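Report on the structure given below.
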């Protein structure tokens, strides 16, 4: 019986994500369209569902890098489990330290520390939104309530790399989102 359950769990679509993400989000005067969504699961346990939004009216970054500071992007992360604020902060710092040089981390320490201080605990079903608008910065919101905004483009790119760059906590989720984004050109 337990082998059958494992087989069923392994056959579930890992890329399937929550269908409750809207097609569009409005941020200030910008309307952004959903261009990708992905699920991060470990066996049958849903960790996060993520949706990526961009302004399709803007030009794609020349270098194909979604972290380009002139490119508007919005990410919604819905949690399938509870995570403490301390765990979020520790995971964020560990991921960044593993993937960025000490020089880059030192140059962006203030932005990283500020962002980490905004991270609060989540329960299953809670949503973080993290979005970059060149004219206002990187904003973190928990269940629709803004926690703060980083104005520094370099620090914001390092922080966003947790989801969309080289420091991604789930590389498969990042790769799936970015592939969908690239296909939507």
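Please treat every number below as a calculation from the coordinates, not as lab data. Being a predicted model, the structure only gives us computed values, none of them experimental. Cβ sites come from the backbone with ideal geometry, for glycine too, and all protein chains shown count toward neighbours.
Using a Gaussian network model of the chain with C-alpha springs under 10 Å, which one of 137, 28, 165 is most mobile by mean-square fluctuation?
28
Order by neighbour count: 112, 169, 77, fewest other Cβ atoms within 10 Å first, most last.
169, 77, 112
Using a 7 Å offset from the Cα along the Cα-to-Cβ direction at both residue 182 and residue 151, what is the distance between the two label points in nm, to one decimal?
Going from the residue 182 label point to the residue 151 one covers 3.6 nm.
Roughly what angle does helix 109-118 make with the longest principal axis of the chain, taking Cα atoms, 0 to 90 degrees, to the nearest 10?
For 109-118 against the chain, the angle is about 50 degrees.
Determine the shape class of the stretch 64-161: with a ≥ b ≥ c the square roots of the Cα gyration tensor eigenvalues, call it rounded for a/c under 1.5, and otherwise prolate if a/b is greater than b/c, oblate otherwise.
Cα axes put the stretch 64-161 in the oblate bin.
Go ahead and estimate [θ] at 222 nm for the chain from helices alone: -39,500 (n - 2.57) per DSSP H run with n ≥ 4, summed, over the residue count, rounded to 500.
-11000 deg cm²/dmol
Evaluate the relative contact order of the chain (contact order divided by residue number), counting alpha-carbon pairs under 8 angstrom at least 6 apart; express in whole percent.
21 percent
Which angle between 0 and 90 degrees, to the nearest 10, do you get for helix 85-99 versus the longest principal axis of the chain when only C-alpha atoms count?
With rounding to tens, the tilt is 70 degrees.
Residue separation times 0.36 nm, minus the C-alpha to C-alpha distance between residue 44 and residue 171: what's the value?
The residue 44-residue 171 span can extend by a further 43.9 nm.
What is the calculated FRET efficiency for residue 70 to residue 136, with r their C-beta to C-beta distance and R₀ = 22 Å, to the nearest 0.05?
0.95
List residues of the stretch 108-125, by number, whose backbone nitrogen lies under 11 Å from a label position 7 Å along Cα→C-beta of residue 85.
Flagged as within label range: 117-122.
Spin-label point model (7 Å from Cα, Cβ direction): what's the residue 97 to residue 126 distance in nm?
2.3 nm
Could you tell me whether the stretch 27-117 comes out rounded, prolate or oblate from its Cα gyration tensor? Rule is a ≥ b ≥ c as square roots of the eigenvalues, rounded for a/c under 1.5, then prolate if a/b exceeds b/c, otherwise oblate.
Oblate shape, in that a/c is at least 1.5 and b/c is the bigger or equal ratio.
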